[in-house]
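Only one structure is covered here, and it is reproduced in the block below.
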Amino acid sequence: MFRPLTAMGAAVAFAASVFTPGAAAAVEDPPPGTVLVEVAVVSGTGCPAGSVAVAVAPDNTAFALSFAGVLAWAGAGSKPSDALKHCQVYLTIHPPQGYTYALRKAEYAGAVHLAKGASGEVTVSNYVQGGSPAPRKRTFVGPVSESWQLSDAPSPVVYAPCSASRPFSLSFALRVNAGTSDTSTTTSFLSLESADDGNARLVHHLAWKRCPGA
């Protein structure tokens with residue numbers, strides 16, 4: 001489980017059960033020492049300022065963001081603003097001296113329940129300085145009620161410049177369209193959350209390499 005941090009919190013270890021290594025291997029072994037990840041700016045209806053916590057895996061192979069579960073919904077009792085939840089997070093990553101990083105894979109998960117005639121869409125994007133944002137989308141059409149997963153695995157990976165700090169940004173949006181569903185008697189929703197505790201937890205797996213001359 002994660003230990004709560006403030007929005008400007010630095011890296012802390014999180015339980016090994018949270019982090020599941022992916023199939024691909026990093027270009028080089030992760031660096032020894034401390035990898036510091038700071039939350040610089042948070043905005044959006046899906047993640048109010050001060051709500052985001054950050055944690056780094058003990059072996060420096062990943063970091064995770066956690067915050068209260070995000071829910072977009074439409075139907076009985078909803079307001080128009082409930083149908084779209086979005087979030088933009090800007091991070092500053094400080095690797096040990098002589099190393100830089102790339103995003104190898106990001107993992108998102110949640111649940112979806114859509115009445116007949118309703119639809120939903122998840123959009124995610126990750127950006128490492130020096131690369132280009134490449135949004136990933138997944139759409140759903142009702143009737144459906146299931147858990148979902150979405151991965152972002154850039155190819156090729158883009159390493160951040162070898163500078164004192166390396167900016168990183170991520171965004172996501174959940175959108176539900178009631179469509180032709182009966183909004184007087186049915187409710188449709190799309191959530192970003194973890195199965196264990198209902199909080200959103202976004203895991204980002206890293207690749208590492210040494211900077212020239214290091």
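P(r) tail, the range 101-214: Cα-Cα pairs separated by more than 25 Å, 37% of all pairs. Taking a spot 7 Å from the Cα of Ser145 along the direction of its beta carbon, which residues of the range 167-188 have an amide N less than 11 Å from it? From the range 167-188, the list is 187. Sorted from greatest to least, the principal axis extents spanned by the alpha carbons of the range 51-115 come out as 55, 19, 17 Å.
Using 0.36 nm times the number of residues separating Ala68 and Ala40, minus their current alpha carbon distance, what extension gain do you get? Don't jump to the answer; show the numbers that get you there.
On the way: separation 28, 0.36 × 28 = 10.08 nm, distance 1.83 nm.
Between Ala68 and Ala40, full extension yields 8.2 nm more.
For the peptides 141-152, 111-122, the ranking by mean Cβ contacts within 10 Å, running from highest to lowest, is 111-122, 141-152.
Counted residue by residue at 0.36 nm each, then reduced by the alpha carbon distance between them, the extension gain from Ser132 to Ser169 reaches 12.2 nm.
Express the carbon and sulfur contribution to the solvent-accessible surface of the range 66-135 as a percent, rounded to the nearest whole number, probe 1.4 angstrom.
Numbers: 1500 of 2740 Å².
Taking all protein chains in place, the range 66-135 shows 55 percent carbon and sulfur surface.
The simple spin-label model puts a point 7 Å past each Cα toward its Cβ; for Lys79 and Asn199 those points are separated by 2.6 nm.
Less than 5 angstrom separates the built amide H of Asn177 from those of Ser119, Gly120, all sequence-distant by 5 or more or on a different chain.
The values are calculated or read from the model by the stated rules, or taken from the named source; none is laboratory data. All values reported here derive from a predicted model rather than from experimental measurement. Reconstructed Cβ throughout: ideal geometry from the backbone, glycine too, with neighbour counts over all protein chains shown. Side chains are part of the model used for accessible areas, which takes the heavy atoms of the whole protein and leaves out ligands, DNA and RNA. Shrake-Rupley method; radii C 1.70, N 1.55, O 1.52, S 1.80 Å.
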